[in-house]
Each structure stands twice: as C-alpha cells, then as structure tokens.
Amino acid sequence: MLRRVPLHGMNDRRQRIHELVLALVALQGDLDLLAGDGPGLPAGDPGNWIERNRRVVQRYQSLVRSAVTLDALVDQELGGGGGLSDPAPRF
C-alpha cells in the first residue's frame, strides 16, 4: 500500500483533515476574508466590523469541524479504529 509522505512533519490524520478543509473551501462559492484594521476598514460602527469578522471565523470553523467529522467517518468505514474518539488535531 502506498503511503504519502506527510507535509512538513504532519501526521497522516492531520494531513487528511488539511486536504479535506482545502477541498471544502474550494467548493464554497465565495468565502470572505477577515476585514483588517488598516485604511480599508469599513466606515461605520466598529461593532459591525467585529460582528462580521466573528461570522467569517465561525464559517471557517464549521468547515474545519466538517472536515474532522468526514475524516472520522471515513476512518471508521475503512476500519481504521479511532474515529470520533480520537482527539482532533489543533490547527
């Protein structure tokens, strides 16, 4: 069985999750980036800016959670053991 060499020392599970996140991001139509605090700061209430960034972060977090869940389900189907009981890697 062929095994991939982990990127920059990542273990296999973390690399799979990384690839799943990238695939999920690629499937998204348009993902917003965090608004910075530079001259491009949207005019208006700073609370709106913070709230928008919070929503953007939550969207990315949901993609990561989806990737972790998909990886655990695939691992379970392939008989890899662990599954959802394995601790999620920290990014």
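Derivation of every value follows stated rules applied to the coordinates shown; laboratory data play no part. Please read these numbers as outputs of a predicted model, since none were measured by experiment. For neighbour counting, all protein chains shown are included, and Cβ atoms are generated from backbone atoms with ideal geometry for every residue, glycine included.
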In the range 56-73, anything touching a residue at least 12 places away in the same chain (Cβ under 8 Å) and not small (Gly, Ala, Ser) is listed as VAL56, VAL57, ARG59, TYR60, LEU63, VAL64, VAL68, THR69, LEU70, ASP71
Conditions (1) buried (at least 16 other Cβ atoms within 10 Å of the Cβ); (2) within 11 Å of LEU24 (Cβ to Cβ); (3) not β-branched (Val, Ile, Thr) -> TRP49 fails only (2)
